[in-house]
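A short write-up of the structure that comes next.
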Amino acid sequence: MQAGLRFGRIPITNVQPVLEGGKFPAKAVRGGDVRVSAVVFREGHDLLGATAVLFAPDGSEAQRARLKPGPKGTDSWEGVLTPSHEGNWSFVIEGWSDLYATWSHNAQVKINADVDVDVMLAEGALLLGEAAKSAKDTAPGAAKVFKQAARALADPSLNVNDRLAAGTGAEVRAAVVRFPLRDLVTATGKFPLLVERDAAGRGAWYEFFPRSEGAMRHPETGQWTSGNFRTAVHRLPAVATMGFDVVYLPPIHPIGTLNRKGPNNSLLAGPSDPGSPWAIGSAAGGHDAIHPELGTFADFDAFVAAAQELNLEVALDLALQCAPDHPWATAHPEWFTTRVDGTIAYAENPPKKYQDIYPLNFDNDPEGLSAEILRIVRLWIDHGVRIFRVDNPHTKPVWFWEWLIGTINAERPDIVFLAEAFTRPAMMAALGRAGFQQSYSYFTWRNTKEELEEYLVHVSRESAGYFRPNFFVNTPDILTEYLQYGGPAAFKIRAILAAMGSPLWGMYAGYELYEHVARPGSEENIDNEKYEFKDRNFAAAEAQGNSLAPFVTLLNTIRRAHPALLDLQNLSLHESSDPATLVFSKHKLIAATAEEPARKDTIIVVINVDPHSMREGEVTLDLDALELDGLSPDGTFLVDELITGATWNWGKKNYFRLDAHLEPAHILHIRR
């Protein structure tokens, strides 16, 4: 074949997941299923096969997966690869002429039409005879089957139908699966696949302000005494009991006094108002310091250690911005934008204004500023932080994140960065390519069945190679109208959607208390904790039955028991006759271990997304997506309802009735 051609003998195009021709690696997590696909075709009518081959970081072949044909007429093929551990993996797609499938198809058509009978039988005998020789050493069981079939095909004492049946029977087809008869094998080049630790793509996050945990208000003066790391540590057992994996802290650094914001983002702060933690820096220090009222580095280290004892990781906010009295503002004015009148420009996100924050400018001294930020990140890593939630990364140059994350991950591949980027799709995609392991997402504003279906398909199929969505249900900045006016049912519905729909989800403290009153004209809580202390009595609310915490605990318990829920790319939609009832499933084949045989884990979620009503109708399941091992004679299978504990017989079509004010969803596990 002539050198330099871009098409091989078997054309292979549109390989996924491949980012910009392999310039960036696609993302995966240890043990997570990676959906691979390609368009594979050829001239003529001979049948094809396609295979995905996974290579471990050391270059050895780790998995070979036969791809299945996609929708008829598309020439698409798809399958699943599952990398076993972290590192820089790669994969290729192979296309090949399927000799057995081509012969089997042609033989059955022609012999049934009494055309070229002897020739087709002879071709089959020759094909399987040669296959027996090829398989003798590597697949002796298949070789034996091929040899017996070849003899029968060539035996003139048998009638034609028996000879054909011997060459096309179930035993031969099974042997061909184990030892495919391939010709004209064409392979793509290797495409990169970055496999990261679980926390990069799986986990349940809980956000709280340490200054509020243990804060006390003097009954006579009304003055607050701040909580600190020593008091906040007492909140950790409850967070762990609810089943969370990560406790995320807003910035813990000194807070500026110049232009400090007061309650509800007011421009005037009283002498005891604590200010926004995102207005970082004062005479007490900057990003490399701890707010004096929160404690010392020793207190922080003890907090991190206590979290680790409870199997919680601490995520720290990395907010690259400064209060007007941050030490950088005087030592390095070149790191900011100076206006024509000589003042430093404060942050704006029209119509919002942040007079208490100076944004950084990376164009005046990129080397100096970048080196300082790298020093700060390394400092907090030395104090046990392995996860950073990055505030507004889309307001910094993308090249900087590629450099910073690349530098840190080259030293410490276990460090995870979450992008708090609610912005344009192109920027969110670029941040994922640049190295961010996960990101906040548009999930927060996807509420209807139609919106959710479209978004779940997008994040689980179309963008999964570069974008891992963390489905936060709320944040200190976001209290959607759905939660403001949907009542407790809305909080329950959104928690189910987040915990079941994504392997990453999170909530901000107060969600479990149904905090739903917004500052007028905004999507923020009134009396926002960003600007003041919050005194919450979680235990009393739970004792009175006014807390979602027990249900959140149940959701996280279900997640931990079902590996299918901790993968991103295994989601399938199903049909519902009701316009407000969403149905999706998640399925995973769990490989055999020395202790347990291989098994299938499948969850079906049927959820009423209208928090104000009761909905009923019929679910129509895509049984192929559920990979059932076999139905009972009446076409049903057993499902266990994981919220109520009920067990039902379900089939292809199933009636449902879901009252948002009682239980808005079924979470079903297929009993195998």
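Which value, in nm² and rounded to one decimal, describes the direction-averaged projected area of the C-alpha convex hull of region 211-280? Don't skip to the answer; put the middle values down first.
Working: hull surface 23.4 nm².
Projected over every direction and averaged, the Cα hull of region 211-280 covers 5.8 nm².
With the cut-off at 18 Å, report for region 456-576 the share of all Cα pairs above it, as a whole percent.
Values: 4200 of 7260 pairs.
For region 456-576, the share of Cα pairs beyond 18 Å comes to 58 percent.
Go through (1) -0.32, -0.62; (2) -0.24, -0.47; (3) -0.30, -0.56 and flag the label whose value is the computed log10 I(q)/I(0) by the Debye sum over Cα atoms at q = 0.05, 0.07 Å⁻¹ for this structure.
Correct label is (3).
How many angstrom separate the Cα center of region 522-575 from the Cα center of region 180-213?
With region 522-575 and region 180-213 each reduced to a Cα centre, they are spaced 24 Å.
By average Cβ neighbour count within 10 Å, what is the ranking of 100-106, 581-587 from highest down? It would help to have the intermediate numbers written out before the result.
Details: 100-106: 19.4, 581-587: 22.6.
Descending mean neighbour count gives 581-587, 100-106.
For residue 144, go through the aspartates and glutamates and keep the ones whose alpha-carbon is under 13 Å away, minus same-chain ones fewer than eight residues off.
Those aspartates and glutamates meeting the cut-off are 130, 171.
Under 8 Å for C-alpha pairs, at least 6 residues apart: give me the relative contact order for region 276-371, rounded to a whole percent.
28 percent.
Which of the peptides 133-140, 112-119, 460-467, 426-433 is most tightly packed, and how do the rest follow, going by the mean number of other Cβ atoms within 10 Å of each residue? Before the final figure, lay out the partial values.
Values: 133-140: 13.5, 112-119: 11.5, 460-467: 20.0, 426-433: 18.4.
Going from most to least packed, we get 460-467, 426-433, 133-140, 112-119.
So what are the ³J(HN,Hα) numbers for region 321-330, from phi and the Karplus equation (6.51, -1.76, 1.60; θ = phi - 60°), rounded to whole Hz, Gly and Pro as x?
7, 9, 6, x, 9, 4, x, 4, 4, 9
Going by alpha carbons, how many degrees (0 to 90, nearest 10) lie between the helix axis of 425-434 and the longest principal axis of the chain?
80
Loop-only check: which trypsin sites (Lys or Arg not before Pro) in region 267-375 are DSSP coil with at most 15 other Cβ within 10 angstrom? Intermediate values should be presented prior to the final figure.
On the way: sites: 339, 352, 353, 375; in loops: 339.
Hits after loop and neighbour filter: 339.
Near residue 600, which lysines are there with a Cα under 23 Å away, not counting those fewer than 8 places off in the same chain?
68, 586, 588, 652, 653
Could you please tell me the mean projected area of the C-alpha convex hull for region 168-312, averaged over all directions and given in square nanometres to one decimal? Before the final figure, lay out the partial values.
Values: hull surface 70.8 nm².
Value for region 168-312: 17.7 nm².
Could you tell me how many degrees, from 0 to 90 and to the nearest 10, lie between the Cα long axis of helix 366-382 and the main elongation axis, the longest principal axis, of the Cα atoms of the chain?
80
Taking Cα centroids, how far is region 592-649 from region 329-391 in Å?
A separation of 50 Å, based on Cα centres.
Suppose all protein chains stay in the model; what accessible area per residue would a 1.4 Å probe give for the chain, in Å²? Walk me through the numbers on the way to the answer.
Numbers: 29240 Å² over 672 residues.
Per-residue accessible area for the chain comes out at 44 Å².
Could you compute how fast region 4-160 diffuses translationally, taking Rh as the Kirkwood radius over C-alpha pairs and applying Stokes-Einstein at 25 °C with viscosity 0.890 mPa s? Give it in µm² per second. If you can, show how the numbers build up before the last one.
Details: Rh = 18.2 Å.
Roughly 135 µm²/s, to the nearest whole number.
How many angstrom lie between the Cα centre of region 37-114 and the Cα centre of region 392-458?
32
Summing -39500 (n - 2.57) over the DSSP H runs of n ≥ 4 in the chain and dividing by its residue number, what mean residue ellipticity at 222 nm do you reach, to the nearest 500 deg cm²/dmol?
-8500 deg cm²/dmol
Viscosity 1.567 mPa s, temperature 4 °C: Stokes-Einstein D of region 436-501 from its Kirkwood Cα radius, in µm² per second? Could the numbers behind the result be given before it?
Numbers: Rh = 12.5 Å.
My calculation gives 104 µm²/s for D.
For region 596-660, give the percent of accessible area contributed by carbon and sulfur heavy atoms, probe 1.4 Å, rounded to a whole number.
49
The values are calculated or read from the model by the stated rules, or taken from the named source; none is laboratory data. The shown structure was predicted, so the numbers you read here are calculated from the model rather than taken from an experiment. Glycine gets a Cβ as well: all are built from the backbone with ideal geometry, and neighbour counts include every protein chain shown. Just the protein is used for accessible areas: all its heavy atoms, side chains included, with ligands, DNA and RNA removed. Shrake-Rupley method; radii C 1.70, N 1.55, O 1.52, S 1.80 Å.
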